[in-house]
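This report concerns only the one structure given below.
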């Protein structure tokens, strides 16, 4: 079977699971991601949550009446933060560059790290090939960055 880059990129735009695995490889090329059921479960749940943000005919985001509560309770080092605070945020901004997203972590240093990692992913060759969303070079700080469509990701901590 011949690998078709355009088909894979189209899949990444609609499948968060596919995007998450490719994004991990783009951010951490020397550390392969080993597939596991919990990763698939988290990806599926996040993709289902994202369906409530569908673009209507008017171009405005329409919110469906769906619960958006999701609790992910797993031990440390099982990719919860990567999947939610980095990859999912980048994927959502790629699909809807006018979204305004706030990510809160228990510590300020961790909030900044996730923000930097998300920005690195969104500035990667992989991401730019998959999505048209671009970051606004005039609005890019350690705690907040903005897209050219005025969407943003704001990082904060519980104590902030």
Among residues of segment 36-65, those that are exposed (fewer than 13 other Cβ atoms within 10 Å of the Cβ) and either at pLDDT below 65 or part of a strand (DSSP E or B) (or both), counted: 11
Failed criterion for residue 72 (all others in (1) closer than 23 Å to residue 148 by Cα; (2) at pLDDT 85 or above hold): (1)
Pair list, Cβ under 9 Å, 6 or more apart: segment 132-160 residue at positive phi, other residue assigned to a loop (DSSP other than H, G, I, E, B): 150/97; 150/98
Wholly within segment 66-160, helices (runs of 4 or more DSSP H) carrying at least 2 residues that are buried (at least 17 other Cβ atoms within 10 Å of the Cβ) and over 16 Å from the mean Cα position of the chain (by Cα): none
Residue satisfying condition, being part of a helix (DSSP H, G or I) and either more than 12 Å from the chain's Cα centre (by Cα) or farther than 24 Å from residue 125 by Cβ (or both), within set 33, 11: 11
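The values are calculated or read from the model by the stated rules, or taken from the named source; none is laboratory data. As the structure is a computational prediction, the values presented were derived from the model and not from experiment. Cβ coordinates were reconstructed from backbone atoms using ideal geometry, including for glycine residues, and neighbour counts include every protein chain displayed.
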